[in-house]
């Protein structure tokens with residue numbers, strides 16, 4: 001089964017320092033606040049990890065999620081440290097402008113043009129002009145313990161296409177133009193620790209059940225069976241949460257509802273800044 005309309009949406013990070021993290025994404029990477037939401041309790045699909053208290057979600061990126069791969073930053077009030085594993089390697093962004101901004105604000109530029117966000121998340125910056133019409137985000141690189149096994153899962157079951165392959169890596173995605181997922185064989189176990197993230201894709205509503213059945217058929221892991229998630233005042237979205245052979249969490253949302261839910265909200269930046277100012281945790 002191949003998802004003709006499958007598309008990559010975003011990657012989720014748990015952030016320990018919301019104020020400093022937002023400075024990094026806005027002032028260094030140059031991303032914009034697309035929308036911000038506050039929640040009084042944990043998510044039924046564990047969107048904020050294994051926590052059941054107040055949290056917030058902030059979507060940031062270079063453009064609307066309809067056309068760009070973005071970042072979801074989840075902040076659990078009162079939690080200011082997450083043990084980082086070896087599961088997330090980097091996100092690659094084409095933007096010499098980001099390097100210039102980093103120099104201007106004295107943000108460290110590590111060897112190989114690596115910028116590190118609070119929490120230790122690394123961003124590989126390609127020193128070329130940031131594209132205007134295309135998405136600057138090129139790929140997310142995650143670790144795997146067995147490249148062949150990962151390829152069989154991501155292409156054979158989830159239906160992604162291979163765009164490039166080396167002895168230790170494979171680049172997969174749903175379209176030539178969209179952001180890709182790169183899997184890198186690290187030659188040992190993948191440790192997701194406490195800071196583990198989640199990658200999200202969309203597919204048509206009527207293909208979600210087919211996906212669920214295929215995962216069951218192959219005896220792979222479903223972390224959260226098909227469930228509808230409500231966001232007050234916004235579209236209800238149906239999701240299914242999977243785990244690949246190394247435990248990487250994968251969210252598939254129904255594309256039709258998510259396009260409504262994910263529209264940028266101009267007032268979100270003011271709301272976020274106010275919440276940061278009020279945060280006494």
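Of these, 75, 82, which one is closer than 28 Å to residue 145 by Cβ and crowded, with 18+ Cβ neighbours inside 10 Å? The conditions single out 82.
Residues that are closer than 24 Å to residue 84 by Cβ and in a loop (DSSP other than H, G, I, E, B) were ranked within the stretch 195-223; the one that is nearest to the chain's Cα centre (by Cα) is 197. Strands (runs of 3 or more DSSP E) fully within the stretch 1-117 that include at least 1 residues being in contact (Cβ under 8 Å) with a residue 24 or more places away in the chain and under 22 Å from residue 182 (Cα atoms): 7-14, 55-61, 70-76, 88-94, 114-116.
Looking only at the stretch 192-202, count how many residues are more than 14 Å from residue 65 (Cα to Cα) and in contact with a strand residue (DSSP E or B) (Cβ under 9 Å, 6 or more places away or on another chain).
Filtering the stretch 192-202 for residues more than 14 Å from residue 65 (Cα to Cα) gives 192-198.
Subsequent filtering for residues that are in contact with a strand residue (DSSP E or B) (Cβ under 9 Å, 6 or more places away or on another chain) retains 192, 194-198.
Summing the residues that are more than 14 Å from residue 65 (Cα to Cα) and in contact with a strand residue (DSSP E or B) (Cβ under 9 Å, 6 or more places away or on another chain) in the stretch 192-202 gives 6.
Taken together, the residues in the stretch 149-177 that are in a helix (DSSP H, G or I), surrounded by fewer than 17 Cβ atoms within 10 Å (Cβ to Cβ) and in contact with a strand residue (DSSP E or B) (Cβ under 9 Å, 6 or more places away or on another chain) amount to 1.
Taken as a whole, the condition of being surrounded by 13 or more Cβ atoms within 10 Å (Cβ to Cβ), in contact with a strand residue (DSSP E or B) (Cβ under 6 Å, 6 or more places away or on another chain), at pLDDT 95 or above and under 29 Å from residue 117 (Cα atoms) does not apply to residue 238.
Would you call residue 276 more than 15 Å from the chain's Cα centre (by Cα), under 25 Å from residue 91 (Cβ atoms) and part of a strand (DSSP E or B)? Criteria not met by residue 276.
The values are calculated or read from the model by the stated rules, or taken from the named source; none is laboratory data. On a predicted model such as this, the values are computed, not experimentally measured, just so you know. Glycine gets a Cβ as well: all are built from the backbone with ideal geometry, and neighbour counts include every protein chain shown.
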